[in-house]
Amino acid sequence: MNIKKEVFGQCPKGEKAFLYSLVNPNGITVKITNYGAIITAIEMKDKNGDKENVVLGFKSMDEYLSPDYLANYPYFGAVCGRFCNRIAGGKLNVEGVDYQLFINNGPNHLHGGQTGFDKVIWSPKTIEMPDFVGLELKYRSVHLDENYPGNLDVSILYKLTHKNELQIEYKAVTDRTTVVNLTNHTYFNLNGGKENIFNHQLRINSKKRTVNDSTLIPTGEIEEVTNTPFDFSVAKPVGKDISALPDGYDLNYPLENPGNKMILAAKLSEEQTGRSVTVFTNEPGIQVYTGFYIPELGGRFGRYSGLALETQHYPDSPNHPEFPTTLLHPGETYKSKTTLLFETH
């Protein structure tokens, strides 16, 4: 187990960003920058022993700051917050006080606003232990940052273990009641980007979905997906029913997890390479996004070039009291954990 640090580039305000490579003895390498807490690469072997990057990302800071990327911004590998996913109309009410959040996705607020957690510099600390190497990242989001209430102190711990697990642990505390919903927005392509994700097999540990309106805001209805194009309760190719949906998949699947325990959420696999990633989480839902709006950049990426499996609370939870709450009060600690298990068969 080892970890390597190098300079990644310079941020718009002049800060220096670093790249940390977490390496285990089994050929897994995870690369993370403290800009946006972004996972830039996950390298793993296929069934023939060939090592490739299996997530969408860039090799330089300049590419993450390029106008073409930011103009069609797909949040490659970033941590999204304070509130990932959408809030209808950017309207937030906390303890009777209204807050108007930035509108950046049609009529709605998305992934924390104009400058979310994906565009800030996090304070890094490396950890080396016999059975894992880790990177702890910390950030203080001040009161009314992006117009969210409360000073919020956030930490993210990335741990790569000798068992080929990437564990992501989030914690946050606040000095006044606020909302928190964090996720990592990594897109997977297990064939190393040689083709789109249609032939990947996906299984989701849910038979329900939150029904959305035309702007991808939940209506409040939760419906059964059995025998519909949304049904992944038994593994099937991602592309099997995707033509029935004009923009592919971008929806929340509720997980049966009332006790907030670590449970199986999803498994993505690719037959030609033998690679798979299994997702475990203590979150109540998982957002599946097949990347319809991923831009093509320099002949790379483009529509359906990666699939995101975002463990989180439901979209627009603050405006749906019937959904699991995303409120965080002073004296409480927000805790969320997701584990990605990488295997080759």
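Where a number appears in this text, it was derived from the coordinates with a stated rule and is not lab data. Computed from a predicted structure; not experimentally measured. Please note: Cβ atoms are built from the backbone with ideal geometry, for glycine as well, and neighbour counts cover all protein chains shown.
Listed values, structure above:
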| quantity | calculated |
| --- | --- |
| Glu195 versus Asp153: modelled label distance in nm, points set 7 Å from Cα along the beta carbon direction | 5.1 |
| Full-stretch length increase - Lys16, Ala235 - with 0.36 nm per residue and alpha-carbon distance subtracted | 74.5 nm |
| Cα centroid separation, segment 91-108 to segment 27-69 (Å) | 33 |
| Karplus-derived HN-Hα couplings along segment 232-249 (A = 6.51, B = -1.76, C = 1.60, θ = phi - 60°), whole Hz, x at Gly and Pro | 10, 5, 10, 4, 8, x, 4, x, 4, 10, 5, 5, 6, 10, x, 10, x, 8 |
| When segment 95-136 is reduced to its Cα atoms, the Kirkwood hydrodynamic radius in Å | 13.7 |
| Ellipsoid equivalent to the chain - semi-axes via the Cα gyration tensor, in Å | 28, 25, 20 |
| Relative compactness, segment 197-262, computed as alpha-carbon Rg over 2.2 N^0.38 Å | 1.15 |
| Diffusion coefficient, µm² s⁻¹, Stokes-Einstein with Kirkwood Rh over alpha-carbon pairs of segment 147-296 at 4 °C and 1.567 mPa s | 75 |
| Loop-located trypsin sites (Lys or Arg not before Pro) in segment 230-332, at most 12 other Cβ atoms within 10 Å (DSSP) | Lys261 |
| FRET E, pair His329, Asn2, Förster distance 51 Å, beta-carbon r, rounded to 0.05 | 0.80 |
| Cysteines in the chain that, by Cβ-Cβ distance, have no pairing candidate under 4.7 Å | Cys11 |
| Scattering profile of segment 20-147 at q = 0.15, 0.18, 0.21, 0.23 Å⁻¹ [log10 I(q)/I(0), Debye over alpha-carbon scatterers] | -0.82, -1.03, -1.22, -1.34 |
| Segment 127-181 and segment 289-345: distance between their alpha carbon centers, rounded to Å | 15 |
| Charge tally in the Cβ shell below 14 Å around Thr126, where Lys, Arg are +1 and Asp, Glu are -1, Thr126 excluded | +3 |
| By average C-beta atoms within 10 angstrom, highest first, the peptides 49-55, 164-170 | 164-170, 49-55 |
| Set Lys194/Lys236; Lys91/Lys159; Lys45/Lys119; Lys236/Lys261; Lys119/Lys337 screened for pairs whose C-alpha atoms are more than 28 Å apart | Lys91/Lys159; Lys45/Lys119 |
| FRET efficiency for Glu296 and Asp62, using Cβ-Cβ distance with R0 set to 25 Å, rounded to 0.05 | 0.85 |
| Taking the chain and dividing mean pair separation by its residue count, relative contact order in percent (alpha carbons under 8 Å, at least six apart) | 17 |
| Cleavage-rule hits, GluC sites (Glu not before Pro), segment 258-301, DSSP coil, Cβ neighbours within 10 Å at most 16 | Glu271 |
| In order through segment 319-334: 3J(HN,Hα) via Karplus (6.51 cos²θ - 1.76 cosθ + 1.60), integer Hz, x for Gly, Pro | 9, 9, x, 7, 7, x, 6, 10, 6, 10, 9, x, x, 9, 10, 6 |
